[in-house]
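The values are calculated or read from the model by the stated rules, or taken from the named source; none is laboratory data. Keep in mind that this is a model prediction, so the values were computed, not measured. All Cβ positions, glycine included, derive from the backbone under ideal geometry; neighbour counts span all protein chains shown. When the accessible area is computed, the model is the full protein with side chains, heavy atoms only, and any ligands, DNA or RNA have been set aside. Shrake-Rupley method; radii C 1.70, N 1.55, O 1.52, S 1.80 Å.
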Amino acid sequence: MYTVLSCIVVDHNPFLVVLAAAICVAGIWVSFRLFQRARDTHGAMRAGWLFLNGMAAGSSIWCTHFVAMLAFKTQAAVFFSPTLAILSLFLAIVGTGAGFALASSGLFRLAPEAGGMLIGASVAAMHYLGMLGYRVDGLVHWNQNYVVASVVAGVALGALSLNRSMRPVTIWCRYGAKVSMVLAIVALHFTGMAAMMITPLRPVFAPAEDQTWALALAVGGVGLMVMGMGIVTALIDHRTRTVADEDLQRIAEIDPLTGLGNRLQFSRRLEEGCIWADSNDTRLCLVLVNIDDFKVLNDLRGQTAGDAFLEALGVRVNALLEDGELAMRIGGDEFAILRRLKADEPVDAFLSRLEAMFRRPLKASGSQLACSAGMGVAIYPDHGLSPSDLLANAGMALARAKADAVEHTQFCDGVMDQEERRRRGLSQALRGAVERGEFSLFFQPQMDIPARTLSGAEALIRWTHPEHGPVSPAVFIPIAEENGQIVAIGDWVLEQACRLAVTWAEPVRVAVNLSAVQLRQENLVARVAEILETTGLDPARLELEVTETSIMADLGKSLTLLHEIRALGVSVALDDFGTGYSALASLRAFPFDKIKLDRGFVADLDGSEESRAIIHSVLMLGRSLGTPVLAEGVENEAQLAFLTGAGCETIQGFLFSPPVPAGELARQIQSGNAFAHSGTQRHLRLVGKELAVAG
Ligand code: C2E
Ligand code: CA
Ligand code: CA
């Protein structure tokens, strides 16, 4: 070790040693950058990068070696064999190139280390081949131990270097690969030089300093040029890749069909637009457009026609856009247009231009196609203080535009959209409400006036929203019908109602409401049968309520279904009678077990002669069909008196009882029972109301 150190310090020209070290460090740095690029690529590209990698590493190592050799001070005259010098350069380039290639080949598990060893070995081979061409005018003696030590150091450090380069790198050895490679070269060279002992034959008094410097600088210069080429190549490559990435990014944001931006671009542009409006203290107009009946076009004329339509639309939109406007296709048949507005600029002209874009017939693939669309408009920051709020509000306005038969362009409207947001919030909250146990069942008694008994009870669902508290079924049932959750909810009601009814002390009939959506459910009848079976409820005690509107939606199917339900022994009531359009048609189509006169008629009794007439005729109709009529919504004595006078026998309403919790109804049935058997009028107190019925 001491010999090696003294060899560096004493036997070498320090300036040339520094030059050699600089070439070495720079060369290794460039080589590893090129190696990294080689590893990132495949096939011919990788071969190309490995070639550059071998050139840079081999030539810089060779230059390091050559300059360091020139730095070696000897008292004997020195000559170089040009052939061996050039051979050793080739050996270095080919050997290190092959080492890097092997290391990155993935041929076997230890390929990186084997590649590093090959690099170390070829550096050693280059060194000693070069030394063969180093002719001195003296006796040369080689110390075998140093020779062996130099080769071992080169090979081992080479292996360590590639190990650090390719195995996971920790923060402690970020530069491990480069440092090990520099050490491999330095250790090999100087240990190798320490192995050589020269005894001059004739002393040289003036060693050719100038020549040595000139040669060293020439070699170093060439080495640096090779490395420079490597660096420039890597830089050009980096720039090309950046440009390619930007191109890819641009392509990724374009809708190929229309040539407009896509949803990705829209998100970016919307955000940029809001920032622009903020910083310029102006506004941004967002218009969401949804093409009408695009699906119909696709279904009727095929996807190719649909594509041609969109393509033609894209051309038209592109042609009609003005400065500061951007159009993007953000969904199959949905577009978004952004316009940067000046301070108080009105949007009427802009919107009329959009109508010209989206509401004029279009020529596509040779035929004239109708084009119309709904538009939802929201302006930043008036209608939303963030891109996402603005988008949500424009979406809400669009939904209104699509639903409105006349006004196809709708502006964001705080109040209406708040209502819509509430609906969406409830729709979200309904998900999983059955599982979370947020529902309960109430029951409203139905009274048989002449018999003075409780003839039945209608099951009415109650929902306690975790934040808003109780929500009326009149509000959430339509939402559940819209989002399909009514199926699970209806199933729960049916099962729960039957389960509870079984526990009642008297065999009172239980009425359950069926939604139109449930009527379209394939397995409804099987499900009813199953519930009756599992709960053990007598089918004769179950009554299902359907509305006219729901059976009229698909009369044929509904009738089959109602007959199947009837076949189970379950009865069927016609709910809300009189509110549909085809009251008589539904009554003729199916022999209902009960007609429930809508509470609207009862409520109008006092003021409306017409309501009184309708009630009379419905009761007559019921009698002629042999179907009992129940009047809903009876709130006062006057209504009751009129109804009983007109011959109505069953009644449901607040006058007797509002819907009550299941437990309370069960208690009332239990206690009311005693009165019922006593045969007095008092049993009607069971629902908490004194009943003043004549007779
Ligand atoms: P509906 O089937 O016509 O139910 C009767 C509604 O009238 C109940 O409202 C009841 O509280 C109310 N009502 C009863 N007596 C009176 C009265 O004297 N005056 C007035 N003004 N109203 C009275 P509720 O419970 O809010 O239910 C509203 C609607 O929600 C129901 O109308 C029904 O269409 C639906 N619904 C309730 N529960 C269910 C269910 O479990 N499944 C389905 N599909 N729909 C249900
Ligand atoms: Ca009902
Ligand atoms: Ca009703």
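Within the stretch 582-599, can you find the residues that are farther than 19 Å from Gln518 by Cα and either open to solvent by less than 10 Å² (accessible area, probe 1.4 Å) or polar (S, T, N, Q) (or both)?
Within the stretch 582-599, Ser582, Ile595, Lys596, Leu597 meet the criteria.
What is the one condition in (1) away from ligand 2 (no atom under 16 Å from the Cβ); (2) crowded, with 20+ Cβ neighbours inside 10 Å that Met447 does not satisfy?
Of (1) away from ligand 2 (no atom under 16 Å from the Cβ); (2) crowded, with 20+ Cβ neighbours inside 10 Å, only one is false for Met447: (1).
I'd like the full set of residues that are more than 18 Å from Ile489 (Cα to Cα) and either surrounded by fewer than 16 Cβ atoms within 10 Å (Cβ to Cβ) or within 16 Å of ligand 3 (Cβ to nearest atom) (or both), limited to the stretch 417-444.
Gln418, Glu419, Arg421, Arg422, Gln444
Among the residues of the stretch 614-632, is there at least one that is within 15 Å of ligand 1 (Cβ to nearest atom), small (Gly, Ala, Ser) and free of Cβ contacts under 8 Å to residues at least 60 places away in the same chain?
Checked the stretch 614-632: at least one residue is within 15 Å of ligand 1 (Cβ to nearest atom), small (Gly, Ala, Ser) and free of Cβ contacts under 8 Å to residues at least 60 places away in the same chain.
Okay, residues lined up against (1) out of contact with any Lys or Arg (no Cβ under 9 Å at 6 or more places or on another chain); (2) buried (at least 24 other Cβ atoms within 10 Å of the Cβ):
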site	(1), (2)
Gly43	yes, no
Asn53	no, yes
Ile61	yes, yes
Phe66	yes, yes
Ala71	yes, no
Phe80	no, no
Ala85	yes, no
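Go through the stretch 386-419 and count every residue that is in contact with a Cys (Cβ under 9 Å, 6 or more places away or on another chain) and more than 26 Å from Gly306 (Cβ to Cβ).
5
From the list Arg340, Arg421, which residue is within 31 Å of the chain's Cα centre (by Cα) and within 23 Å of Leu264 (Cβ to Cβ)?
Arg340
Kindly indicate which of Ala603, Ala585, Ala573 is part of a helix (DSSP H, G or I) and within 16 Å of ligand 2 (Cβ to nearest atom).
Ala603 is the lone residue from the list that is part of a helix (DSSP H, G or I) and within 16 Å of ligand 2 (Cβ to nearest atom).
Report yes if Leu288 is more than 22 Å from the chain's Cα centre (by Cα), not polar (S, T, N, Q) and not in a helix (DSSP H, G or I), otherwise no.
No; evaluated as a whole, the condition is false for this residue.
Scan the stretch 113-171 for residues that are in contact (Cβ under 8 Å) with a residue 60 or more places away in the chain and under 17 Å from Phe72 (Cβ atoms) and report the count.
Here the count works out to 11.
If the requirement is being among the hydrophobic types (A, V, I, L, M, F, W, C), at pLDDT 80 or above and open to solvent by 80 Å² or more (accessible area, probe 1.4 Å), which of these qualifies: Met197, Met181?
Result of the check over Met197, Met181: Met197.
So which of Ala505, Ala516, Ala474 ends up being over 25 Å from Thr560 (Cβ atoms), within 14 Å of ligand 2 (Cβ to nearest atom) and surrounded by fewer than 18 Cβ atoms within 10 Å (Cβ to Cβ)? Break it down into steps so the answer makes sense when it comes.
Numbers: Ala505 fails: within 14 Å of ligand 2 (Cβ to nearest atom); Ala516 fails: over 25 Å from Thr560 (Cβ atoms).
After ruling out the rest, the residue left standing is Ala474.
Which is within 30 Å of Met55 (Cα to Cα) and among the charged types (D, E, K, R), of Arg316, Arg263, Arg241, Arg250?
Arg241
Which condition number in (1) more than 16 Å from ligand 3 (Cβ to nearest atom); (2) of a type in the set (A, V, I, L, M); (3) modelled with pLDDT under 90 is the one that Ile669 fails?
In the conditions (1) more than 16 Å from ligand 3 (Cβ to nearest atom); (2) of a type in the set (A, V, I, L, M); (3) modelled with pLDDT under 90, Ile669 misses (3) alone.
Are any residues in the stretch 647-673 within 16 Å of ligand 1 (Cβ to nearest atom) and small (Gly, Ala, Ser), and if so, which ones?
Scanning the stretch 647-673 gives Gly653, Ser657, Ala662.
Going through the stretch 520-549 one residue at a time, which ones are within 16 Å of ligand 3 (Cβ to nearest atom), in a helix (DSSP H, G or I) and open to solvent by less than 30 Å² (accessible area, probe 1.4 Å)?
Glu548 - this is the single residue of the stretch 520-549 that is within 16 Å of ligand 3 (Cβ to nearest atom), in a helix (DSSP H, G or I) and open to solvent by less than 30 Å² (accessible area, probe 1.4 Å).
Across the stretch 519-547, what is the number of residues that are of a type in the set (Ser, Thr, Tyr) and within 16 Å of ligand 2 (Cβ to nearest atom)? Show your work before the answer.
Going residue by residue through the stretch 519-547, those that are of a type in the set (Ser, Thr, Tyr) are 534-535, 547.
With within 16 Å of ligand 2 (Cβ to nearest atom) added as a condition, the list becomes 547.
Result for the stretch 519-547: 1.
Given (1) closer than 20 Å to Glu458 by Cα; (2) at pLDDT 95 or above; (3) part of a helix (DSSP H, G or I), identify the lone condition not met by Val517.
(2)
Which pairs turn up if I take residues in the stretch 327-354 that are at pLDDT below 95 and look for partners that are part of a strand (DSSP E or B) and exposed (fewer than 12 other Cβ atoms within 10 Å of the Cβ) with beta carbon separation below 7 Å, at least 6 apart in sequence or on another chain?
Taking only residues 6 or more apart or on different chains, not a single pair turns up.
What pairs can you find where one residue is in the stretch 360-371 and on the phi < 0 side of the Ramachandran plot, the other is part of a strand (DSSP E or B) and open to solvent by 70 Å² or more (accessible area, probe 1.4 Å), and their Cβ atoms are less than 6 Å apart, with a gap of 6+ or different chains?
Close Cβ pairs (under 6 Å, with a partner that is part of a strand (DSSP E or B) and open to solvent by 70 Å² or more (accessible area, probe 1.4 Å)) amount to Pro361/Gln368.
Residue under question is Thr579, and the condition is that it be open to solvent by 30 Å² or more (accessible area, probe 1.4 Å), within 16 Å of ligand 2 (Cβ to nearest atom) and at pLDDT below 90; does it hold?
Considered against the rule, which asks whether it is open to solvent by 30 Å² or more (accessible area, probe 1.4 Å), within 16 Å of ligand 2 (Cβ to nearest atom) and at pLDDT below 90, Thr579 comes out as yes.
I want to confirm something. Restricting to the stretch 640-666 and keeping residues that are in a helix (DSSP H, G or I) and open to solvent by less than 10 Å² (accessible area, probe 1.4 Å), which single residue is nearest to ligand 3 (Cβ to nearest atom)?
Leu643
Inside the stretch 564-576, can you point out the residues that are within 11 Å of ligand 3 (Cβ to nearest atom) and open to solvent by less than 30 Å² (accessible area, probe 1.4 Å)? Even if it seems obvious, please write down each step before you answer.
Residues of the stretch 564-576 within 11 Å of ligand 3 (Cβ to nearest atom): 573-576.
Listed by number, the residues that qualify are Ala573, Leu574, Asp575.
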